Structure formats: structure tokens, C-alpha cells
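Some notes on the structure that comes next.
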Ligand code: SAM
């Protein structure tokens, strides 16, 4: 893409691993006239890692974002380029930037994304929970009626929900979610993504161990079961019977999905997980025999 003057670039920066800064992000940061950042020392370290920059840095945080709009618009008026970065990840995602973006669009200038790291998407794709439809909740309100209302909404939500949390509050939030969603809801807690101590813990709300409350956390919560949908245990029981009766995984999934009114994809995913855990049990069995060939046929 050719350089475009008078543009506000929204530049994603690493959430832990410096190697995740894209070459395009590095090139744009090195050439723009003005860099809006949350913390000049932190962004300064990133820029010196890149080997320098020509533009000046100004602070754009939740307190100064409105005042920064004038500086940004003046720079764009001169036909120059501006970059917005946050301390980590994608600007404007649980970080400052939204109001600046609105103002730049309203003034008729170009806003261009420079995509890259984002903790929510990184956690979602590594969680193993359904990524096809999801809801990003960001940080929950810390207390009061608004927190209760959001928790109640999350409990009913059928799509996968992504929540940002601080190390001090992650255990409490898991506790509150357990109370409202029930102990059996599947959850994944992703900690320190892309860093040395990256940890992705899979479990259920009632039993998951969130560790010692250090580092940065993303909670990925499975969606609520559709109303009237049989629970996974009931579907597994049907699958066990159908496979025992000699049906292939594909035929069993089709037959059970039609009969119970659930999607074939959901039944098939459960069947594959069952087959995989059977294989694993055989694998670590006392005989040490090799696992039977996989039963998947799709
Ligand atoms: N704009 C950022 C993004 O694109 O992900 C998010 C900024 S928000 C102020 C910071 C929160 O993101 C943290 O409290 C944590 O919930 C999550 N986060 C950021 N980096 C993370 C990492 N390396 N591992 C896990 N969570 C992270």
C-alpha cells in the first residue's frame, strides 16, 4: 500500500512478545509525524527497539484523549500522518482511541487500521471454545447493580464470551460467574499470552484453578446452552449407544442431531472429543499398546 498523507493509523503493538510487532507497524511508526501513546516511556522503549522514529510523541490516555484531538487534527490539516498506539495490543480495544477515531472521521480524514496483537482474539482462538460467534465484554464493572446486570446477561449469552480481568480480581470474577452460570459451564483462563510464562488453563467454572493471581488474564467463557437443548452428557449417552450399535461417527451425529434438535456440528464435535479421550485412555493403558485408529470420518 502506498503511503497516504493525512491519515490516522491505528497501530497494534505487542501484548508481550516484541517479535509480534508487524513490519508494517514498525515502518509506519518510524515515519509518522506524530505518535499518540498512553505512556511515552513505554512507547519510547518500543521505538528505540525499532531503531528510532522521526515524529514526536504525545500522551493520549483516558484523561487527555479529548485534548489530543486538536493536536491530531492540526497535524492532519498540514497533510501529515499520525499514529495511535496503546500500551499493548490494539488501540481502542479496552484502551483509549474511540473518541479520537470518531473526531478524525467527522473531520473528513482517513483512519486506517494496522492490525496485529490483541489479547481477546489470541485467547479466543487458543481456547478451544466456539470461535464462530462471540461477544467481547472487556472489563466488567467492578461492583454494584451494573456488574450484576452484566453478569446476568453473560449467564444467558449463547455465544462464547471474552472478558478481560486484572490479577487482583480474576478469582472473584470466576466466583461470581460460577454463582450465576453454574459450576459446570466450561471456561478457559489465558494468562500472560505470548510471554515467557504463558498459561492457558481449560476447565469448568466450579473447579478451575486460576493460579496465584499474577500477570494479565483473559477469561473465555462457553456460551449458555440453547433453551430446551439437551445437555452434553445426554448427547454423549446417545452417541455411546449409537456407536455401540455400529453407526459411523458421521451417521450417529446426523441421526442424533435430527432426533434431539441440535446441530450436527455440535454432536460431531462431542463424538470426536469422546473418541480422542478414549484413544488417550488406551494410549496410557497398562498394556502400553498403540491407540486404535481414530474413529473420525470427516
Ligand atoms: N488493547 C489491548 C488488546 O488489544 O488486547 C487490551 C488492553 S486492556 C487495558 C489490558 C487487558 O488486556 C489486561 O488486563 C488483560 O485482561 C488483557 N491482556 C493484555 N495483554 C495480555 C496478555 N499478554 N495475556 C493475557 N491477557 C492480556
Checklist entry - If only Cα atoms are counted, what is the Rg of the range 232-284, and what is its Dmax, in Å? => result 10.7, 36
Next on the checklist: Would you work out the Kirkwood radius for the chain? I mean one over the mean of 1/r across all pairs of different Cα atoms, in Å.
Outcome noted: 22.2 Å
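Looking at the range 93-177 from every direction and averaging, what is the projected area of its Cα convex hull in nm²?
7.5 nm²
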Item to check | Residue-averaged 222 nm ellipticity for the chain, from DSSP H runs of 4+ at -39500 (n - 2.57), nearest 500 | outcome: -12500 deg cm²/dmol
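When a footprinting reagent is the concern and you count Cβ atoms within 10 Å, what order do 68, 54 take, fewest first? Write down the numbers at each step before the final one.
Numbers: 68 21, 54 10.
Ordered by Cβ neighbours within 10 Å, fewest first: 54, 68.
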Item to check | Distance between modelled label sites at residue 207 and residue 78, nm, 7 Å Cα→Cβ extension | outcome: 6.2 nm
Checklist entry - How big is the antiparallel share of DSSP beta bridges in the range 1-151, given as a percent to the nearest 5? => result 5 percent
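Over the range 120-221, what portion of Cα pair distances is larger than 23 Å, expressed as a whole percent?
On the way: 811 of 5151 pairs.
The share of Cα pairs beyond 23 Å in the range 120-221 comes to 16 percent.
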Checklist entry - Counting DSSP beta bridges in the range 120-221, what percent are antiparallel, to the nearest 5? => result 75 percent
Next on the checklist: If I take R0 = 45 Å and measure r between the Cβ atoms of residue 22 and residue 241 in this structure, what FRET efficiency does the formula 1/(1 + (r/R0)^6) give, to the nearest 0.05?
Outcome noted: 0.35
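Per residue, how much space in cubic angstrom lies within the convex hull of the C-alpha atoms of the range 7-117? The partial results should precede the final answer.
Details: hull volume 9.3 nm³, N = 111.
Enclosed volume per residue, from the Cα hull, is 84 Å³.
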Checklist outcome for this item: Scoring the range 7-117 by relative contact order with C-alpha pairs under 8 Å, at least six apart, yields a percentage of 45 percent
Next on the checklist: Between helix 40-50 and the chain, what is the angle of the helix's C-alpha long axis to the longest principal axis, kept within 0 to 90° and rounded to the nearest 10?
Outcome noted: 80 degrees
Item to check | Beta bridges per DSSP with both ends in the chain, % antiparallel, nearest 5 | outcome: 45 percent
Next on the checklist: Give the separation of the Cα centroids, the range 118-141 to the range 216-261, in Å.
Outcome noted: 23 Å
Checklist entry - GNM, the chain, Cα, under 10 Å: largest mean-square fluctuation among 264, 99, 156? => result 264
Next on the checklist: Please compute the modelled spin-label separation between residue 105 and residue 142, points set 7 Å along Cα→Cβ, answer in nm with one decimal.
Outcome noted: 3.1 nm
Checklist entry - Using the Kirkwood radius built from alpha carbon pairs, what does the Stokes-Einstein equation give as D for the range 198-250 at 10 °C and 1.306 mPa s, in µm² per second? => result 108 µm²/s
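Rule-based calculations on the coordinates, nothing more; no lab input. In this text the structure is predicted, and so the values were computed from the model without any measurement. Neighbour counts are summed over all protein chains in view; Cβ atoms, including those assigned to glycine, are modelled from backbone coordinates with ideal geometry.
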